[in-house]
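The block underneath contains the structure these notes are about, expressed in structure tokens.
Each value in this text was obtained by applying a stated rule to the coordinates, not by laboratory testing. For clarity, every value in this text was computed on a predicted model and none was experimentally measured. We place every Cβ from the backbone using ideal geometry, glycine too, and count neighbours over all the protein chains shown.
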Amino acid sequence: YVVVHVVTLFVISLAVFAFKPNIHNSDCLTNVMSDGKILYPQPTLDEGITKGRFKGKIVIVTGGASGIGKETARRFLNDGATVAIFDINDDAIRETEHEFNEQGFHPEFHSVDVSDKAQCLSGVGKVADANGAVIHYLVNCAVYFGSQGLEAEHKDWSRTMAVNVEGISNMVQSCYPYMVKAKNSSI
């Protein structure tokens, strides 16, 4: 039953692309009507095209000194945003700061543990004071424990909940007063 539906969806998607030559791979399928007309073209995310689109925007990226957060911060910087990177890992902060500076990017770096509301309030306050606002907040930081759930200790669960749940709440509550004043703010 499931296989039949998967095969059916695959065949339908092939048919849409096979019979509508004006649809290109770079177009988003959700923007294509059933008759093959494109509702609106999707811009590519090529860095050369998007450069400058966030000019004048202030963005906070948690967990921004490594992984997805680091690359997202780099993209916001390329696109003209003023970026504040919050991370708990001081070594990663130093490494990322050096790397970004070599690339001509100069974000703010703040050593912040998002599970500590006082640190969140202080860090966000510093960003807002230095830049006049906080417009966008990218929720990126998270922790996990490598062991199986049944083998995890209470401290593992506690830290995970403190960062992954309370940390988001702490940051949203810290950013909200500044974001509500800004136009087109987002989390």
Too long for a 32 Å Cα-Cα cut-off, among K155/K181; K57/K117; K70/K126; K55/K126; K51/K117; K155/K183, are K155/K181; K51/K117; K155/K183
Karplus-derived 3J(HN,Hα), 6.51/-1.76/1.60, for each residue of segment 137-142, Hz, glycine and proline x:
10, 9, 7, 10, 5, 6
Charge dipole of segment 54-106 built from unit charges on the beta carbon (Lys, Arg +1; Asp, Glu -1), centred at mean Cα; most positive-end Cα among H106, S66, T82 is T82
Most exposed first, judged by fewest Cβ atoms within 10 angstrom, V114, V180, V143, V134 run V180, V143, V134, V114
Could you list I88, I49 in order of exposure, starting from the residue whose Cβ has the fewest other Cβ atoms within 10 Å?
I49, I88
So who's got an amide H within less than 5 Å of the one on A84, skipping anything under 5 residues away but keeping other chains? H placed 1.01 Å off N, in plane.
V59, I60, V61, E108
